[in-house]
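Chemist: Here you go, one structure.
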């Protein structure tokens, strides 16, 4: 018998009196799911009436579910249990819908490599998405041995992620691996978030001390690699920690990221709502607290510009039509104001 606590399934998470045995989804292959339950590893399929007619949330990797038929090699998934944390992305199509790509993780390991992949704007976007998921982010800067200015890049990452742990590691030299491994406690689940070629598979293998994940070759011309994960999967490291990797994490958008932006940009949002005018655009209006902070240097301009950029992405993802209407109205107001200036001979200014 398997102790499901070792796979992050705790009795306090389970509903009282629910029918079925608990299990956790460890991999997703279209219509088939791999599971771990007290009886061992099983393959599962969805109960048609519950999922295609009863409105149950379709499971994703990391989900806790209730099953029947655990004594058989293939069982039936009856129900998806409430999620503690979740990553979602927008499904393509005319009607926006959420699709869960990973669930029930404790921390998000945001990976960026310290070679040509390093990008602060992408890091800030990942931080917002991590906070929005309900879990805590941890920044992991890989390939530290390849960066001549790794110390400077480490400081830049710490500035973009205030209050968030930042680790610089190298799989080749072993730098930083011990400190990172100390975070990976038994029974806790960590999800990997990062672009292709940052070394996620190599890092997992180094932490595991075994070849758990296939690694891809690095292209010499640009230092990038291929994303080698082809399906969503949950792995248990020899030390007892659980790691989720999924190719779907590459396509995450800024779906409903208001809370994530507030956590990521608390240093920026402390100035909002304090201007003289409630509808202040933070451009040339008198009594603008944001502009004053920018001019004094209290608010770094690059942080303000990043917040504006990501807020725009979030607004666009949340309601594309409304976002475009607001942009169109803004352009009309600017054009109208410009005509007024031209009519007044340049005496009327913004």
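Chemist: Which one of the conditions (1) modelled with pLDDT of 80 or more; (2) surrounded by fewer than 14 Cβ atoms within 10 Å (Cβ to Cβ); (3) not in a helix (DSSP H, G or I) does residue 345 fail to meet, given that it meets all the rest?
Modeler: (1)
Chemist: Look at residue 279 and say whether it is part of a helix (DSSP H, G or I), modelled with pLDDT of 65 or more and more than 30 Å from residue 25 (Cα to Cα).
Modeler: Working: part of a helix (DSSP H, G or I): no; modelled with pLDDT of 65 or more: yes; more than 30 Å from residue 25 (Cα to Cα): yes.
Answer is no for this residue.
Chemist: Now for a different question. Of all residues in segment 126-152, which are touching a residue at least 40 places away in the same chain (Cβ under 8 Å) and outside any strand (DSSP E or B)?
Modeler: Answer for segment 126-152, where residues must be touching a residue at least 40 places away in the same chain (Cβ under 8 Å) and outside any strand (DSSP E or B): 126, 127, 128, 129, 130, 131, 132, 133, 134, 135, 143, 146.
Chemist: Please work out which one of (1) closer than 21 Å to residue 61 by Cβ; (2) crowded, with 18+ Cβ neighbours inside 10 Å is the condition residue 167 fails and give its number.
Modeler: (1)
Chemist: Of the conditions (1) more than 28 Å from residue 23 (Cβ to Cβ); (2) over 10 Å from the mean Cα position of the chain (by Cα), residue 128 satisfies every one except a single condition; which number is it?
Modeler: Single failed check for residue 128: (2).
Chemist: In the list 117, 145, which residue meets the criterion of being over 15 Å from the mean Cα position of the chain (by Cα), buried (at least 21 other Cβ atoms within 10 Å of the Cβ) and either closer than 26 Å to residue 59 by Cβ or not assigned by TED's automatic domain parsing to the domain that holds residue 54 (or both)?
Modeler: Of the residues listed, the single one that is over 15 Å from the mean Cα position of the chain (by Cα), buried (at least 21 other Cβ atoms within 10 Å of the Cβ) and either closer than 26 Å to residue 59 by Cβ or not assigned by TED's automatic domain parsing to the domain that holds residue 54 (or both) is 117.
Chemist: Does residue 34 satisfy being buried (at least 18 other Cβ atoms within 10 Å of the Cβ), touching a strand residue (DSSP E or B) at 6+ places or on another chain (Cβ under 7 Å) and within 25 Å of residue 191 (Cβ to Cβ)?
Modeler: On the way: buried (at least 18 other Cβ atoms within 10 Å of the Cβ): yes; touching a strand residue (DSSP E or B) at 6+ places or on another chain (Cβ under 7 Å): yes; within 25 Å of residue 191 (Cβ to Cβ): yes.
Answer is yes for this residue.
Chemist: Being surrounded by 15 or more Cβ atoms within 10 Å (Cβ to Cβ) and assigned to a loop (DSSP other than H, G, I, E, B) is the filter here, so list the residues in segment 282-293 that pass it.
Modeler: 282, 285, 288
Chemist: Check segment 48-58 and report whether any residue there is without any contact (Cβ under 8 Å) to a residue 40 or more places away in the chain, closer than 22 Å to residue 235 by Cβ, not assigned by TED's automatic domain parsing to the domain that holds residue 106 and not in a strand (DSSP E or B). Full working, then the answer.
Modeler: Start the filter on segment 48-58 by keeping residues that are without any contact (Cβ under 8 Å) to a residue 40 or more places away in the chain, which leaves 48-56.
Those still in the list that are closer than 22 Å to residue 235 by Cβ too: none.
Looking for residues that are without any contact (Cβ under 8 Å) to a residue 40 or more places away in the chain, closer than 22 Å to residue 235 by Cβ, not assigned by TED's automatic domain parsing to the domain that holds residue 106 and not in a strand (DSSP E or B), one finds none in segment 48-58, hence no.
The values are calculated or read from the model by the stated rules, or taken from the named source; none is laboratory data. Since we're looking at a predicted model, the values are computed, not measured. Because the Cβ atoms are built from the backbone with ideal geometry, glycine has one as well, and the counts that use them run over all protein chains shown.
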